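The values are calculated or read from the model by the stated rules, or taken from the named source; none is laboratory data. The model shown is predicted, which means the values in this text are computed figures rather than measured ones. Cβ placement follows ideal geometry from the backbone for every residue including glycine, while neighbour counts extend to all protein chains displayed.
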Amino acid sequence: MSEYTPPIRRKNHGKGHSYVDAHGVKVPGVTTILSDGVPKPALINWAAKTTAEYAIDHWDALAELSPSARLKELNGARFADRDAAARRGTEVHGLAERLVAGEEVDVPDALAGHVEAYVDFLDAFRVEPVLVEFVVVSHSYGWAGTCDLIADFPTLGKRLLCDIKTSRSGVFGETAWQLAGYRYADSYVDSAGHEEPMIEVDGCAVIHVRGDGADLYPMQAGPQQLREFRYIREVSRACARSREYVGDAVLPPPLEVSA
């Protein structure tokens, strides 16, 4: 009997991950589509602010470096800040997954506040997990993604599809498109690697976990947001195709040499 090959697989590599189908063809992820299809002007201000703050906080140390080394340090400042935030988010997600499953975890001191806040949140809402950290697949629209949580909230009388956010800046509206991409997927991949019909939910929400608490934010992630996300998908595709729209440089004809 041949080994079962799931139609969609998540491949982890380095700091990120990707999705491929049974033939090894890459399937775009929901967050990648958003990254490629939604303008982010706030990132320009963030990059400038982060670099300026790093320069002020490390002024004396930077002054001891050569100009080229100083430039390299400043150029990398915003990426160090981004990567630190991403690591914190990844670690909190991993711990949250285990906490929801009822496991005991060893918590790093730096994340103690986040974990305590999330535990208090789970207790306050009496969260009952249905699916935790699972891959969803939309064959109809051509994307995949990893959803954090589907859970029953007895205190609200609802089953919610939730995304956990740990960013200092709060919850962004574009998360509604992310959740819609998950909610209206055709199927999810179970623990055995088989696709199952996507579970219906009553709504979507973001759990914003911080060092000083955790809040639940309902999100509009219905048919309208799905339609908008499909437009974003087309913008993402168009941006990728645009590289092919530039032809080769046209050379002038050779000069005629008179006799």
| message | Could you tell me how many of the residues in the stretch 152-197 are modelled with pLDDT of 90 or more and of a type in the set (S, T, N, Q)? | response | 4
| query | Which condition number does residue 118 fail, the rest of (1) surrounded by 22 or more Cβ atoms within 10 Å (Cβ to Cβ); (2) outside any helix (DSSP H, G or I) being met? | reply | (2)
| said: If I ask for residues that are within 17 Å of residue 168 (Cβ to Cβ) and polar (S, T, N, Q), which ones from the stretch 52-77 would you list? | reply: none
| field | Residue identified as polar (S, T, N, Q) and more than 28 Å from residue 237 (Cα to Cα) among 90, 146, 155 | value | 155
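Any residue at all in the stretch 179-190 that's farther than 26 Å from residue 39 by Cα and of a type in the set (D, E, K, R)?
yes
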